[in-house]
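Below is one structure, written out as structure tokens; the observations come after it.
The values are calculated or read from the model by the stated rules, or taken from the named source; none is laboratory data. Quantities reported herein were computed from a predicted structural model and do not represent experimental measurements. Positions of Cβ are backbone-derived with ideal geometry, glycine not excepted, and every protein chain shown enters the neighbour counts. Each accessible area value is taken on the protein alone, full model and side chains, heavy atoms only, with ligands, DNA and RNA left out. Shrake-Rupley method; radii C 1.70, N 1.55, O 1.52, S 1.80 Å.
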Amino acid sequence: MINIALPKGRLGDQVYRLFASIGYVCRELGDESRKLIFEDEKTGVRYFLVKPLDVGIYVEQGIADIGVAGKDMLLETQPDVYELLDLGLGQCELSVAAPNAYQEDRESVLRVATKYPNIARQYYQNRNREIDIIKLNGSIELAPILGLSDVIVDIVETGTTLRENNLKVYEHIAPSSALLIANISSYKFKQQAIQTMLNALLRILKP
Ligand code: PRP
């Protein structure tokens, strides 16, 4: 049995369709359901649906043998796992954004609102820039509009949310997309199963 941690939500749906297309089907998954564990003895696969930020923890701890997590989540949580393959899904850019009229005052401490406090801290530390982090859990774009922060560190996918809220990208931090990750000992002890899956993915991703 191979245990797979999938990020709950739109990315997870896309990843499941990709895995199902190479044979890792779990009949019940995809139905309207609140279940979080899906198992199919015939295909030998068990899926767990977890919060995107938690995929790394499940894989690092060996609860899941493999998982799929955005590079943004991995940069934030730094789990000790192998990164096996970029699936090319969920492409976005970690960026610094601010209101269109924003002008940086280098004399004052920069107030940064973000869901990614570790990434933001590291990014500004590398630039010797003093910041205050305001950790939020969503709708980050509101913070500079309402005066809670000067800038945000967030992902930009289509750019629509920024545009519709009169914000723009000021700095690019790093690109992100969904990566297949593996637990370090599973990669050794379930090598054949993981390699079989990896080869099948490589065949359809790079025909
Ligand atoms: C993410 C991100 C941005 C938005 C970017 O939010 O935090 O707000 O998507 O996408 P876009 O460039 O295509 O507009 P999400 O939808 O995950 O919701 P959240 O605000 O609850 O985090």
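Just the residues that are part of a strand (DSSP E or B), of a type outside the set (A, V, I, L, M) and under 24 Å from the mean Cα position of the chain (by Cα), please, taken from the range 85-110. Quick ask: steps written out before the conclusion?
Filtering the range 85-110 for residues part of a strand (DSSP E or B) gives 85-86, 92-99, 110.
Pick out the ones that are also of a type outside the set (A, V, I, L, M) and you get 86, 92-93, 95, 99.
Answer for the range 85-110, where residues must be part of a strand (DSSP E or B), of a type outside the set (A, V, I, L, M) and under 24 Å from the mean Cα position of the chain (by Cα): Asp86, Cys92, Glu93, Ser95.
Residues are listed down the side, and each one gets a yes or a no for (1) open to solvent by 80 Å² or more (accessible area, probe 1.4 Å); (2) within 16 Å of the ligand (Cβ to nearest atom); (3) touching a strand residue (DSSP E or B) at 6+ places or on another chain (Cβ under 8 Å):
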position	(1), (2), (3)
Ser177	no, yes, yes
Asn183	no, no, yes
Gln195	no, no, no
Asn199	no, no, no
Leu205	no, no, yes
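How about the range 152-172: which of its residues are among the β-branched types (Val, Ile, Thr), surrounded by 11 or more Cβ atoms within 10 Å (Cβ to Cβ) and either closer than 19 Å to Gly90 by Cβ or more than 14 Å from the ligand (Cβ to nearest atom) (or both)?
Val153, Ile155, Val156, Thr161, Val169, listed by residue number.
This table checks each residue for (1) outside any loop (DSSP other than H, G, I, E, B); (2) within 30 Å of Glu104 (Cβ to Cβ).
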site	(1), (2)
Gly138	no, yes
Ser149	no, yes
Leu162	yes, yes
Ala174	yes, yes
Leu180	yes, no
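Quick check on the range 124-145: of everything there that is open to solvent by less than 20 Å² (accessible area, probe 1.4 Å) and closer than 15 Å to Glu171 by Cβ, which residue is nearest to the ligand (Cβ to nearest atom)?
Let us first name the residues in the range 124-145 that are open to solvent by less than 20 Å² (accessible area, probe 1.4 Å), namely 124, 140, 143-144.
If we keep only those that are closer than 15 Å to Glu171 by Cβ too, we end up with 124, 144.
Details: Tyr124: 19, Pro144: 13 Å.
This residue is Pro144.
So, in the range 142-194, how many residues would count as being closer than 30 Å to Thr43 by Cα and out of contact with any Lys or Arg (no Cβ under 7 Å at 6 or more places or on another chain)? I'd like the intermediate steps shown before the answer.
Keep residues of the range 142-194 that are closer than 30 Å to Thr43 by Cα, which gives 177-194.
Checking the rest, the ones that are also out of contact with any Lys or Arg (no Cβ under 7 Å at 6 or more places or on another chain) come to 178, 180-194.
Within the range 142-194, residues that are closer than 30 Å to Thr43 by Cα and out of contact with any Lys or Arg (no Cβ under 7 Å at 6 or more places or on another chain) number 16.
Among the residues of the range 93-116, write down those that are open to solvent by 20 Å² or more (accessible area, probe 1.4 Å), in contact (Cβ under 8 Å) with a residue 40 or more places away in the chain and either within 14 Å of the ligand (Cβ to nearest atom) or touching a helix residue (DSSP H, G or I) at 6+ places or on another chain (Cβ under 6 Å) (or both).
Glu93, Pro99
Since Arg121 meets every condition but one in (1) free of Cβ contacts under 8 Å to residues at least 40 places away in the same chain; (2) away from the ligand (no atom under 16 Å from the Cβ); (3) touching a helix residue (DSSP H, G or I) at 6+ places or on another chain (Cβ under 8 Å), which condition does it not meet?
The one condition Arg121 does not meet is (3).
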